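S.K.: Handing you a structure now.
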Amino acid sequence: VLLYFSTNGGGWGMEWLDPTTHECDWNLNLLKCIDGEEEGRRVANELNLDNLGLEGTLLKELGRLSSISRLIISFNPNLRGMIPDELCGEGGLERLTWLDLQGNSLTGSIPSNLGQCSRLRFVFLDQNELHGTIPESIYNLRNLEQLELSNNKLTGELAPNDELSQLTLLSVLKVERNELNGTIPDLSGARGLSNVVLDWNLFTGPVPNFESQLVGLESFSASHNQLSGTLDGLASPLGVDILRKLDVSFNNLVGRVPSLVGLSALFSLTYLDLSGNNFVGTIDTTGGNLEFLLLSDNRLNGGLDGIDSAGLRFIDLRNNDFVGGIPPSFYSFTNLETLVLSNNPRLSGTVDEAIGNLTALRNIQLRNCGLSGTIPSRALQAINSCVTFDMGENEITGTIPTQVGMLRSLRELHLQSNLLQSTIPTELVLLTDLKVLNVANNELTGSLPLGINWLGNLEKLYTSGNIDLTGNISTALCNQANNLSFENLGCGFDCPCCTDGMICETLR
């Protein structure tokens, strides 16, 4: 009753506080009961106040609900204040196995006596504003299976004395987006771990070794930290044989990317993200089962022929120094949805019509790759689910194919800074989802197709740097697009909303 009135409990339902019925019958969705030790007596077992618009603070009297095993007060963003110490203090919730306070605006520190709720198996305190260190008593919860403390302001070290070895039943550990520091603790003692998420903290030191005890580890993620050293440990036999995801992107790691050839430990790996480090050398994924390969923003070089995993769906190799062109094997990755090779200026070569084999492609980014040749026109008919098509800043010649009108799902078309000639095809007006059209700095001529004015989703239009290209911009497009200027369009355009006419006067 106190909790109801202190948190604006009007959303709990009209039957709540009905004096004519037992409290266990007020709302079966919010309060569930079980038979008590005394015959004929029912006691509360679960309180579920998820997403009810609660306001105010949590009362210390919650600790009197001694029969509760599941306490769920989550996703009430106006619920503030501290977590009461009384929850797990003397005479508190001794039967509690499930504590879910995620998605509120709770402040203060995690109660130091949380470990006194010794039956806890699941703890969800993520998405609050908690600060301070993780209390040592948490590591005394020998039955703990899932610990989620993400998206808070926690500081200090994670298990500085390797206390995780005490949590042998722990399966899920999520502490991302805090301010935790120090080295990543030894994980080998927590033999039941399957999912570890440590992203966006201040961890330093090496990536931990995946020892033979971690036979169930499926996902390890520690991106956006300050980890250092190499991944040479992955080149030796490991006990982990079902690891599916490894993400240590945006750290300070060095050395070479371990070859996946013959590594039985990585046989199940489907997601590998090593982006944003200082890796060097070539890549070899032959024989692997990768679906997602993200290696952008490193110093990798050599050819791309070593990438040969037939199930690949996502490739991101931008901002490296690859050479040798797009290998023919890439055109056999029929599950591929995203291909990003931008800013490998020495890659060179052409884009083959065989790219049309990749009918699942939705995102093609090949900007600044030293490419030549023409846009593969016939292939455009096959990759008609494409949302982003980017071949800007290359040396592409020829014309913009009329088949571009087949890309009916296209939202962004980037062909700027090439050597394209002739007119802009009228078929572009069929791209009703188009938001960005960039054909600047080519050798295009003629008039901008009038129908482009009526593309209802177009937000950005770039046509400047085509000396003989003209066009008329409608009032409707002026009201819709947010970048219209003579600087972006060129001086051959009639644009009633462009206010930088002085640029054209200066050029004249």
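S.K.: Which Cα, out of 135, 96, 470, lies furthest along the positive dipole direction of the chain (beta carbon charges, K/R +1, D/E -1)?
M.R.: 470
S.K.: Do any cysteines of the chain lack a neighbour Cys whose Cβ is under 4.7 Å away, and which are they?
M.R.: Singleton cysteines: 369, 386.
S.K.: For the chain, would you read off the P(r) tail past 41 Å as a percentage of all alpha carbon pairs?
M.R.: Counting every Cα pair in the chain, those more than 41 Å apart make up 44 percent.
S.K.: So, one more: For the chain, which whole percent of the accessible surface, found with a 1.4 angstrom probe, sits on carbon and sulfur atoms?
M.R.: Carbon and sulfur atoms account for 46 percent of the accessible area of the chain.
S.K.: Among 190, 112, 298, flag the residue with its Cα farthest along the positive direction of the charge dipole of the chain, charges on Cβ as +1 for Lys/Arg and -1 for Asp/Glu.
M.R.: 298
S.K.: Here's a follow-up. Less than 21 Å apart at the alpha-carbon level, and either on another chain or at least 8 residues along: which lysines does that give for residue 435?
M.R.: Filter leaves 460.
S.K.: Right, here's the next one. For the chain, what's the relative contact order in percent, using C-alpha pairs closer than 8 Å and at least 6 residues apart?
M.R.: 5
S.K.: Next question, about the same structure. Compare the peptides 335-344, 128-137 by average per-residue count of other Cβ atoms within 10 angstrom and give them in order, highest first.
M.R.: 335-344, 128-137
S.K.: What whole-number value in Å² describes the accessible area per residue of the chain for a 1.4 Å probe?
M.R.: 43
S.K.: So how strong a dipole does the chain carry about its Cα centre when Lys and Arg Cβ are +1 and Asp and Glu Cβ are -1, to the nearest 20 debye?
M.R.: Dipole size: approximately 660 debye.
S.K.: Further, regarding this structure: Can you work out the FRET efficiency for the pair residue 350 and residue 204, with r the C-beta to C-beta distance and R0 = 51 Å, to the nearest 0.05?
M.R.: Once rounded, the FRET efficiency stands at 0.70.
S.K.: Using just the Cα positions, wrap the range 246-325 in a convex hull and report its mean projected area in square nanometres, one decimal place.
M.R.: 4.6
S.K.: Using only helices, what value at 222 nm comes out for the chain when you add -39,500 (n - 2.57) per DSSP H run of length 4 or more and divide by the total residues, to the nearest 500 deg cm²/dmol?
M.R.: Rounded to the nearest 500, the figure is -1000 deg cm²/dmol.
S.K.: Note down the net charge around residue 200, summing +1 for each Lys or Arg and -1 for each Asp or Glu among other residues with Cβ under 15 Å from its Cβ.
M.R.: -4
The values are calculated or read from the model by the stated rules, or taken from the named source; none is laboratory data. From a predicted model like this one, the values you see are computed outputs, not experimental measurements. In this analysis, Cβ positions are derived from the backbone assuming ideal geometry, glycine residues included, and neighbour counts consider all displayed protein chains. Accessible surface is based on the protein model in full, side chains and every heavy atom, while ligands, DNA and RNA are left aside. Shrake-Rupley method; radii C 1.70, N 1.55, O 1.52, S 1.80 Å.
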